[in-house]
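In what follows, a structure is listed as structure tokens, so that the remarks can point back to it.
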Amino acid sequence: MLKALTANRLADGEVVFWSGERWIGRFGQARFFDDEQAAEAAEAHAKTRNTELVDPYLIEVSSVDGGYAPVSYRERIRALGPSNKPDHGKQALGGADIEILAHAQGAARSKGRVDLIRRK
């Protein structure tokens, strides 16, 4: 299963994803890890070296029609942006990645998030 690295930016609370080079706001531009060790190394690096983020963690990603989406419903909502009003935030920007996220199905829990909760 593929993984992506996500966190919240401390300055404004924005959900961000690791692109392989920098933290970005669009899930569709995230780096998807197919190597568990590389994913865990990126997560460890983000946790120890970055003070602008809150709780970076790995999420599970699966292939869906036309692209990729987080397995967890919670993570799909985080990737879409605020759910209270779709005419602002990432949903308002639109694009193919937003359409894919908006139509992805399933309600699985993210093992990465469950592990994060257990650590606290």
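The values are calculated or read from the model by the stated rules, or taken from the named source; none is laboratory data. Model, not experiment: these values are computed from the prediction. Neighbour counts run over all protein chains shown; Cβ positions are idealised from the backbone, glycine included.
Summary of computed values
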item: Residues that are under 16 Å from Asp97 (Cα atoms) and of a type in the set (Asp, Glu), drawn from segment 54-76; result: Asp65, Glu75
item: Checking Gly112 against (1) modelled with pLDDT of 90 or more; (2) under 12 Å from Ala4 (Cα atoms); (3) not polar (S, T, N, Q), the condition it does not meet; result: (1)
item: Sole exception among (1) in contact with a Leu (Cβ under 7 Å, 6 or more places away or on another chain); (2) under 23 Å from Ala102 (Cα atoms) for Gly25, by number; result: (1)
item: Selected residue (criterion: nearest to the chain's Cα centre (by Cα)) from residues of segment 20-56 that are under 15 Å from Lys90 (Cβ atoms) and not aliphatic (A, V, I, L, M); result: Phe27
